[in-house]
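The structure appears below as structure tokens.
The values are calculated or read from the model by the stated rules, or taken from the named source; none is laboratory data. These numbers were taken from a predicted model, which means no experiment stands behind them. Here the Cβ is made from the backbone with ideal geometry for all residues, glycine too, and neighbour counts use every protein chain on show.
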Amino acid sequence: MKKLINNPKDIVNELIDGYAAAHSDIVKRVEGYTITARKDIPVKDRVAIVTGGGSGHEPLFEEYVGKGMADAAAHGQIFASPSSAIILEAIKAVDGGKGVLLVYCNYAGDVLNFDMAQEMAIDEGHRVDQVRINDDVSSGPKDRREGRRGTTAAPIILKIAGAAAEAGLDFDSLKKIIQKAVDNSRSLGVSLSACTLPETGLATFSLEDGKMEFGMGLHGEAGIKKVDLLSADDTTITILDLIIQDLPFNSGDEVVALINSYGSTTKMEMYLIAGKLHSYLRGKQIKILSTEIGEFCTSQEMAGISITLFKLDAELKKYYEMPCFAPGFRK
Amino acid sequence: MKKLINNPKDIVNELIDGYAAAHSDIVKRVEGYTITARKDIPVKDRVAIVTGGGSGHEPLFEEYVGKGMADAAAHGQIFASPSSAIILEAIKAVDGGKGVLLVYCNYAGDVLNFDMAQEMAIDEGHRVDQVRINDDVSSGPKDRREGRRGTTAAPIILKIAGAAAEAGLDFDSLKKIIQKAVDNSRSLGVSLSACTLPETGLATFSLEDGKMEFGMGLHGEAGIKKVDLLSADDTTITILDLIIQDLPFNSGDEVVALINSYGSTTKMEMYLIAGKLHSYLRGKQIKILSTEIGEFCTSQEMAGISITLFKLDAELKKYYEMPCFAPGFRK
Amino acid sequence: MKGNLDIKDFKRIMQSINNTIQDNRIVLCQLDSIIGDGDHGVTMAKGLEAAVEKLEIDNPASISGLLKTAGNAITMTIGGVSGPIFGTFFSEMGKAIDASKESVDLKDLAAMFRVSLEKIMRLGGAKPGDKTMVDALEPAVKDIEISSTSTVDIKTAMESMAKAAKKGAESTKDMISLKGKSSYSGERSLGYEDAGANTVYFILSAFYEAV
Amino acid sequence: MKGNLDIKDFKRIMQSINNTIQDNRIVLCQLDSIIGDGDHGVTMAKGLEAAVEKLEIDNPASISGLLKTAGNAITMTIGGVSGPIFGTFFSEMGKAIDASKESVDLKDLAAMFRVSLEKIMRLGGAKPGDKTMVDALEPAVKDIEISSTSTVDIKTAMESMAKAAKKGAESTKDMISLKGKSSYSGERSLGYEDAGANTVYFILSAFYEAV
Ligand SMILES: Nc1ncnc2c1ncn2[C@@H]1O[C@H](COP(=O)(O)OP(=O)(O)O)[C@@H](O)[C@H]1O
Ligand SMILES: Nc1ncnc2c1ncn2[C@@H]1O[C@H](COP(=O)(O)OP(=O)(O)O)[C@@H](O)[C@H]1O
Ligand SMILES: [Mg+2]
Ligand SMILES: [Mg+2]
Ligand SMILES: [Mg+2]
Ligand SMILES: [Mg+2]
């Protein structure tokens, strides 16, 4: 895969500068760190939200920083969580006195570093707690959900977190509703082709002609099953069945449906999937409040898609429908 | 390239159904035709905007249908303009009595079919005229601009057209401002890898390892020069120099800058380009009002990017900043 | 082998053309890929499929009606450059004769092709040498016009016409494209045949086979 | 060959480790690709580069300070699992000895590695058999502990320790991953060595070479 880059070692740094330049009406870089933040930090009179994780999944996480979403995101190198030092700096930058909630995807590296940062920040007198996103049903059995990976539910969770924070919820209530949002999210993806690491140009896996893999991770970690390439319709049904039974989603439920491209899968394909998703959920009497379609969480130029269903209740719906204004998510 | 599709012959049809289902709050399908339209057509008390073209470039054109943008889009099959019959139907569906302006990209097939449709619609008593988008500096010399292709300026032109129509401009004034928007737009792209036609699975061209091609068309038509793969910075400068000298853009100008991915080029890469674009234009004292970054006009999964600069004056700026609400463009 | 063609013959001819285009879908896409955008084969295949389907449904009573129906179906269905151009190819042949005409002879046929060619050139603005389907159609029409002044039968004349189209299509190899998507390739279009010119050959050879 | 290691030796050792990791960047990425996410080599390379740079700048006065500085630089710079784990590897060795200690002998060294191993196991929760760097480090630590009760010199002990790490790394081939990104591969991780376990081997063999 050919890529348009400059110095391979400097990618994340340049990426953040370019991002801050392009969206200078909304965000800025916290100088000297791979941190993106709302322009108006530190936030006064409300709890702040810090997210973050490894790079290489753009627009995750930087584009979910903005009004009604995260206050800051701490960025690691490609496919590596940010260090505790960077996360600590993000916490310090946003805390306006009401504390900081860390909302991030559940990977061993992220857990280690966010935990360390939380401990250090508490030592320095900040109030800090965390919620881990673990929506990926393919990465562990239901009775061990705490081991599952966080994937494409991230923008939805951050939407809820940001709206509830903006609404002025206190620290404990905010943590509770973010946790509820996580508990109500399920995702599953399918990959059709490999992604390459920009620094080395190496593919992180290979997938033979005519094959696809369900449940492959955002970094090309092996999935749950490799099968012959299915049609768009059958792919959609396979994913939905696994998601629906897991929560479970029931007749009468109202959901947000998010269809994510991992990179090189086209909008054309995604709309075929959207069509099937709508008719299939209609058949199950599951109502769709909103369909979000696009690249929300990528694995470089990997081909494939993931679907996230997010079950609403009155409270979550209220926060989902509140306005937000981040480069990658607007309501 | 593996794709998630169903019946290859039915792609465009299914794509439009899926699109209408996903964005049923904003758009609908004109039943029986490959036409997407605002839900509230026919429009009363203002001129309507019809756009359209071949499919395979999603989100172009369907995602630019919505409040403050186009009223309808007529869609052809993959890489083939819509037939005159479809365009005629779109004109009839939107015309609320004040006439219809056709705003589309300048390709021989589109010109033939939009011209025929216009003639037929006029015969049926509609007031119809047209503006052709021809922003691509690589597809013809400056003194024969009328032969140039329309590319990634399309969302910007449709933004201006939709805002000015919404503002209630009369037919002739509206045509004039859309033409001014076209005259103030310049684009150029670079391709790094091929795109494949979903129906046949055939690549429409090939590009050797380590090579890139400037000015390649949205359908893989040959470009102006094939060179060794450049860095993100050098790519940006090469494109900008060609665009800037063509209009020309001058010190003191204010512009909108749009950075488009043709398909599999990542946001990561695009932000590197955004960074260089900002510093380079700053050096030339060209002010950027807004930077739009994403997939606006794709060639299936082709790797590569294009840059569009759009020169503002007070009038264009006013219309650019007016709110719009289409699935693929929001202000 | 027949002296005149009636409506049944034209039905068979249209089916034959459709079959040939379906069979050569990929070949035509490949030709269009090299210097154009690669869709020509699937686009034409959709158009002819629609034409033949429309003929089934409408079952036109005259040769003129049949050719107009087929041409309009193509123009209405496929868009692109091919839609209007190849739609016109058929519909203008239909317009060139009276609805009451129950059969056409070689002279009629030659005149019909001529009308078609001229309308296509007016519509698309392409001249011989621009590397388009005109470069196959124009020598082919000249060829059938010569045949029509001789005593050969329609089958022989069509064979010769198809051969002239083939030669015309081959001659596009040495042309620089001045029309359509391949025109952006400029000098790089040299050395490759035009897709639409080959479609003309396929249409005429399928015509010949069905006579 | 020396009985004791002083601060100069440790500076050389850190440089040697850095060089070896830079040289094996791609190898480590390839190992991490197969069952993990492919970044381990570039991540470690960034970490050790940062460590060596930080040592240049801070120029710590003690062995303890040097190891803590190096470890912290890694933890602060690279994130991922490797940042805290391999950062801890160095910083805990530094914490295990007093700042006033001007040189360390084989017994000190063995104790330092032991402290490091135990902290890593507490921090990451990995046990031997989970297919992580612990599977190389744990037998290596046991090996140097045995050496430290004998009369061999540090160089010989380190050579043996590196070999034990190598064997440990190889043993991960037959393990199913229970920790980190490769754990999602489950049984499919069988048959491939763990990347981080190989990093332990590279670190220890570079250590041995620099002694
Ligand atoms: N102006 C024209 N007049 C006649 N035929 C043309 C003209 N421009 C292009 N063509 C023919 O159309 C063919 C391309 O058709 P097609 O691939 O369907 O169109 P598109 O350019 O829309 O992809 C060319 O191979 C050429 O023979
Ligand atoms: N819990 C753990 N304890 C110790 N080492 C671990 C643990 N989890 C993973 N590792 C080691 O980390 C290595 C992966 O490092 P790296 O690729 O940098 O991390 P990431 O998973 O963030 O990509 C694995 O090869 C393994 O040796
Ligand atoms: Mg990683
Ligand atoms: Mg085409
Ligand atoms: Mg074509
Ligand atoms: Mg890794």
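Consider C:GLN30 carefully, then state whether it is within 16 Å of ligand 4 (Cβ to nearest atom), among the polar types (S, T, N, Q) and surrounded by fewer than 20 Cβ atoms within 10 Å (Cβ to Cβ).
Details: within 16 Å of ligand 4 (Cβ to nearest atom): yes; among the polar types (S, T, N, Q): yes; surrounded by fewer than 20 Cβ atoms within 10 Å (Cβ to Cβ): yes.
So C:GLN30 passes the test.
Do we have any residue at all in the stretch A:53-63 that's farther than 22 Å from A:HIS23 by Cβ, surrounded by 24 or more Cβ atoms within 10 Å (Cβ to Cβ) and in contact with an Asp or Glu (Cβ under 8 Å, 6 or more places away or on another chain)? Before the answer, list the steps.
Narrowing the stretch A:53-63 to residues farther than 22 Å from A:HIS23 by Cβ: none.
Checked the stretch A:53-63: no residue is farther than 22 Å from A:HIS23 by Cβ, surrounded by 24 or more Cβ atoms within 10 Å (Cβ to Cβ) and in contact with an Asp or Glu (Cβ under 8 Å, 6 or more places away or on another chain).
Inspect the stretch D:58-76 for any residue being of a type in the set (A, V, I, L, M) and surrounded by fewer than 19 Cβ atoms within 10 Å (Cβ to Cβ) and give the result as yes or no. Before you say what the answer is, go through the steps one by one.
Keep residues of the stretch D:58-76 that are of a type in the set (A, V, I, L, M), which gives D:61, D:63, D:66-67, D:70, D:73-74, D:76.
Keeping just the survivors that are surrounded by fewer than 19 Cβ atoms within 10 Å (Cβ to Cβ) gives D:61.
Within the stretch D:58-76, one or more residues are of a type in the set (A, V, I, L, M) and surrounded by fewer than 19 Cβ atoms within 10 Å (Cβ to Cβ).
What pairs come up if the first residue lies in the stretch A:272-296 and is without any contact (Cβ under 8 Å) to a residue 24 or more places away in the chain, the second is among the polar types (S, T, N, Q), and their beta carbons are under 9 Å apart, counting only those six or more places apart or on different chains?
Taking only residues 6 or more apart or on different chains, the pairs are A:ALA274/A:THR236; A:ALA274/A:THR291; A:GLY275/A:THR236; A:HIS278/A:THR291; A:HIS278/B:SER24.
Are there any pairs, at least 6 apart or on different chains, whose C-beta atoms fall under 7 Å, with the first in the stretch A:100-112 and within 16 Å of ligand 5 (Cβ to nearest atom) and the second among the small types (Gly, Ala, Ser), and if so, which?
From the stretch A:100-112, no pairs qualify.
Could you list, in sequence order, the residues of the stretch A:22-34 that are crowded, with 21+ Cβ neighbours inside 10 Å and within 11 Å of chain B (Cβ to nearest Cβ)?
A:ALA22, A:HIS23
Out of the stretch A:12-35, which residues are touching a residue at least 40 places away in the same chain (Cβ under 8 Å) and either over 24 Å from B:PHE214 (Cβ atoms) or not assigned by TED's automatic domain parsing to the domain that holds A:PHE61 (or both)?
Correct list: A:VAL12, A:ILE16, A:TYR19, A:HIS23, A:ILE26, A:VAL27, A:VAL30, A:TYR33, A:THR34, A:ILE35.
If you take the residues of the stretch C:26-59 that are at pLDDT 95 or above, of a type in the set (D, E, K, R) and touching a helix residue (DSSP H, G or I) at 6+ places or on another chain (Cβ under 6 Å), which of them is nearest to ligand 1 (Cβ to nearest atom)?
So, considering only residues that are at pLDDT 95 or above, of a type in the set (D, E, K, R) and touching a helix residue (DSSP H, G or I) at 6+ places or on another chain (Cβ under 6 Å), the one nearest to ligand 1 (Cβ to nearest atom) is C:LYS46.
Please count how many residues of the stretch A:218-232 are in contact with an Asp or Glu (Cβ under 7 Å, 6 or more places away or on another chain) and buried (at least 17 other Cβ atoms within 10 Å of the Cβ).
5
State all residues of the stretch B:179-202 that are small (Gly, Ala, Ser) and surrounded by fewer than 23 Cβ atoms within 10 Å (Cβ to Cβ); if no residue qualifies, say none.
Within the stretch B:179-202, the subset small (Gly, Ala, Ser) is B:181, B:185, B:187, B:189, B:191, B:193-194, B:201.
Within the stretch B:179-202, B:ALA194, B:GLY201 meet the criteria.
Could you check how many residues of the stretch D:172-204 are out of contact with any helix residue (DSSP H, G or I) (no Cβ under 8 Å at 6 or more places or on another chain), free of Cβ contacts under 8 Å to residues at least 12 places away in the same chain and either surrounded by 22 or more Cβ atoms within 10 Å (Cβ to Cβ) or within 22 Å of D:ASN24 (Cβ to Cβ) (or both)?
Residues flagged as out of contact with any helix residue (DSSP H, G or I) (no Cβ under 8 Å at 6 or more places or on another chain), free of Cβ contacts under 8 Å to residues at least 12 places away in the same chain and either surrounded by 22 or more Cβ atoms within 10 Å (Cβ to Cβ) or within 22 Å of D:ASN24 (Cβ to Cβ) (or both) within the stretch D:172-204 amount to 0.
I'm checking my understanding of the structure. Among residues of the stretch A:84-101 that are touching a strand residue (DSSP E or B) at 6+ places or on another chain (Cβ under 7 Å) and within 14 Å of another protein chain (Cβ to nearest Cβ), which one is surrounded by the most Cβ atoms within 10 Å (Cβ to Cβ)?
A:ILE87
Can you find, within the stretch B:241-273, the residue that is surrounded by the fewest Cβ atoms within 10 Å (Cβ to Cβ) among those that are of a type in the set (D, E, K, R) and either more than 14 Å from every other protein chain (Cβ to nearest Cβ) or not in a helix (DSSP H, G or I) (or both)?
Residues of the stretch B:241-273 of a type in the set (D, E, K, R): B:241, B:246, B:253-254, B:267, B:269.
If we keep only those that are either more than 14 Å from every other protein chain (Cβ to nearest Cβ) or not in a helix (DSSP H, G or I) (or both) too, we end up with B:241, B:246, B:253-254.
Working: B:ASP241: 13, B:ASP246: 19, B:ASP253: 20, B:GLU254: 17.
Out of the qualifying residues, it is B:ASP241.
I'm told A:ILE160 meets every condition in (1) part of a loop (DSSP other than H, G, I, E, B); (2) in the same structural domain as A:TYR104 (by TED's automatic domain parsing); (3) not polar (S, T, N, Q) except one. Can you identify the failing condition by its number?
Unmet for A:ILE160, out of (1) part of a loop (DSSP other than H, G, I, E, B); (2) in the same structural domain as A:TYR104 (by TED's automatic domain parsing); (3) not polar (S, T, N, Q): (1).
When residues of the stretch C:119-146 are filtered for being free of Cβ contacts under 8 Å to residues at least 12 places away in the same chain and either more than 14 Å from every other protein chain (Cβ to nearest Cβ) or within 16 Å of ligand 5 (Cβ to nearest atom) (or both), how many remain? Before the answer, list the steps.
From the stretch C:119-146, those free of Cβ contacts under 8 Å to residues at least 12 places away in the same chain are C:122, C:127-128, C:146; that's our starting set.
Checking the rest, the ones that are also either more than 14 Å from every other protein chain (Cβ to nearest Cβ) or within 16 Å of ligand 5 (Cβ to nearest atom) (or both) come to C:127-128, C:146.
Selection size over the stretch C:119-146: 3.
Given the criterion in contact with an Asp or Glu (Cβ under 9 Å, 6 or more places away or on another chain) and under 30 Å from B:HIS219 (Cα atoms), identify the matching residue among C:GLY80, C:GLY65. Break it down stepwise before answering.
On the way: C:GLY65 fails: under 30 Å from B:HIS219 (Cα atoms).
C:GLY80 is the lone residue from the list that is in contact with an Asp or Glu (Cβ under 9 Å, 6 or more places away or on another chain) and under 30 Å from B:HIS219 (Cα atoms).
Output the residues belonging to the stretch D:152-170 that are of a type in the set (Val, Ile, Thr) and touching a Leu at 6+ places or on another chain (Cβ under 8 Å). First the steps, then the outcome.
So in the stretch D:152-170, the residues of a type in the set (Val, Ile, Thr) come out as D:152, D:154, D:156.
The answer is D:VAL152, D:ILE154.
Going by the structure shown, is D:ASN72 more than 16 Å from ligand 6 (Cβ to nearest atom), of a type outside the set (A, V, I, L, M) and on the phi > 0 side of the Ramachandran plot?
On the way: more than 16 Å from ligand 6 (Cβ to nearest atom): yes; of a type outside the set (A, V, I, L, M): yes; on the phi > 0 side of the Ramachandran plot: no.
For D:ASN72, the condition - more than 16 Å from ligand 6 (Cβ to nearest atom), of a type outside the set (A, V, I, L, M) and on the phi > 0 side of the Ramachandran plot - is not met.
So which residues in the stretch B:140-178 are touching a helix residue (DSSP H, G or I) at 6+ places or on another chain (Cβ under 6 Å), at pLDDT 95 or above and either polar (S, T, N, Q) or surrounded by fewer than 22 Cβ atoms within 10 Å (Cβ to Cβ) (or both), if there are any at all?
Across the stretch B:140-178, the qualifying residue is only B:ILE177.
Please specify each residue of the stretch A:281-308 satisfying the condition of being within 11 Å of another protein chain (Cβ to nearest Cβ) and either among the aliphatic types (A, V, I, L, M) or more than 20 Å from the chain's Cα centre (by Cα) (or both).
Residues satisfying the conditions are A:LEU281, A:ARG282, A:ILE288, A:LEU289, A:ILE293, A:MET302, A:ALA303, A:ILE305.
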